1. For Ser157, only one of the following conditions fails: (1) of a type in the set (Gly, Ala, Ser); (2) surrounded by fewer than 16 Cβ atoms within 10 Å (Cβ to Cβ); (3) under 19 Å from Asn52 (Cβ atoms). What is its number?
2. Which residues, taken from the range 134-148, are of a type in the set (Gly, Ala, Ser) and either surrounded by fewer than 15 Cβ atoms within 10 Å (Cβ to Cβ) or touching a strand residue (DSSP E or B) at 6+ places or on another chain (Cβ under 9 Å) (or both)?
3. Looking at the range 110-126, I want the residues that are under 13 Å from Val50 (Cβ atoms) and have a partner that is among the acidic types (Asp, Glu) with Cβ atoms under 7 Å, at least 6 apart or on another chain. Which pairs are those?
4. Could we say that Leu47 is modelled with pLDDT of 95 or more and not acidic (Asp, Glu) here?
5. Restricting to the range 116-145, count the residues that are more than 17 Å from Thr24 (Cβ to Cβ), at pLDDT below 90 and in contact with a helix residue (DSSP H, G or I) (Cβ under 6 Å, 6 or more places away or on another chain).
6. Step by step: first the residues of the range 1-30, then only those that are of a type in the set (Gly, Ala, Ser) and in contact (Cβ under 8 Å) with a residue 12 or more places away in the chain, then the one that is farthest from Phe123 (Cα to Cα). Which residue is that?
7. Of the conditions (1) modelled with pLDDT under 95; (2) surrounded by 12 or more Cβ atoms within 10 Å (Cβ to Cβ); (3) within 17 Å of Leu139 (Cα to Cα), Phe57 fails just one. Which one is it?
8. So which residues in the range 31-54 are without any contact (Cβ under 8 Å) to a residue 40 or more places away in the chain, surrounded by 14 or more Cβ atoms within 10 Å (Cβ to Cβ) and closer than 14 Å to Ile124 by Cβ, if there are any at all?
Amino acid sequence: MTRRTLTVLTFSLAAFWIALDQLTKLWAETALVGQPRTPILGGWFGLILVYNPGAAFGLGSGFVWVLTVIAGIAVVVLIVAALRTQTFWWSIAIGSMLGGAVSHFLDRLLRGDTIGTGKIVDFIDYGGFFVGNIADIALVGAAIGSVLLSFFGVPFSSAERPKPAPKQ
């Protein structure tokens, strides 16, 4: 694939995750407001509306603006990475990370009383352990994928590809 095709793939995938996450959050804020937890698959999963001012597991909830800045920095770093990736699987991983990060950044930026003080809309309950959203699925999947790509030595760019041995 050409670098341009990979860039389009990366940003298209990011846009897909952003749209899916934001649309499901809008649905959750309409359908789940004031409702008790709705169990799915015998209670393994459930649906419940939660607004998370912090990071994972509500950590750092007193520092929402700091989390907003960190999310913004992460988005910029991922955009740079998206423009540099030259392999299909890394484009998939970076596109998914970028989509999840942008969607969370939008929540932080726009879902608060003032700009940058927003809460993340969560609605997928994982058996009472934690509540997340579609962006979390994209981020965790991309993180796992990135670890596997690194473990198996998949190059991020063509410059990292091993050079063929010279012919004699």
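1. Condition not satisfied by Ser157: (3).
2. Ala135, Ala143
3. Cβ pairs passing all conditions: Lys119/Asp107; Ile120/Asp107; Val121/Glu29; Val121/Asp107.
4. Values: modelled with pLDDT of 95 or more: yes; not acidic (Asp, Glu): yes.
Here the answer is yes, as Leu47 does meet what is asked.
5. 2
6. Initial filter on the range 1-30 (of a type in the set (Gly, Ala, Ser)): 12, 14-15, 19, 28.
Next, only the ones that are in contact (Cβ under 8 Å) with a residue 12 or more places away in the chain stay: 12, 14-15, 28.
On the way: Ser12: 25, Ala14: 21, Ala15: 21, Ala28: 7 Å.
Residue satisfying both the conditions and the ranking: Ser12.
7. Status for Phe57: all satisfied but (2).
8. Quick first cut of the range 31-54, residues without any contact (Cβ under 8 Å) to a residue 40 or more places away in the chain only: 31, 33-36, 38-42, 54.
This time we only want the ones that are surrounded by 14 or more Cβ atoms within 10 Å (Cβ to Cβ), so: 39, 54.
The one that is without any contact (Cβ under 8 Å) to a residue 40 or more places away in the chain, surrounded by 14 or more Cβ atoms within 10 Å (Cβ to Cβ) and closer than 14 Å to Ile124 by Cβ: Pro39.
The values are calculated or read from the model by the stated rules, or taken from the named source; none is laboratory data. This is a predicted model, so every value here is computed, not measured. In this analysis, Cβ positions are derived from the backbone assuming ideal geometry, glycine residues included, and neighbour counts consider all displayed protein chains.
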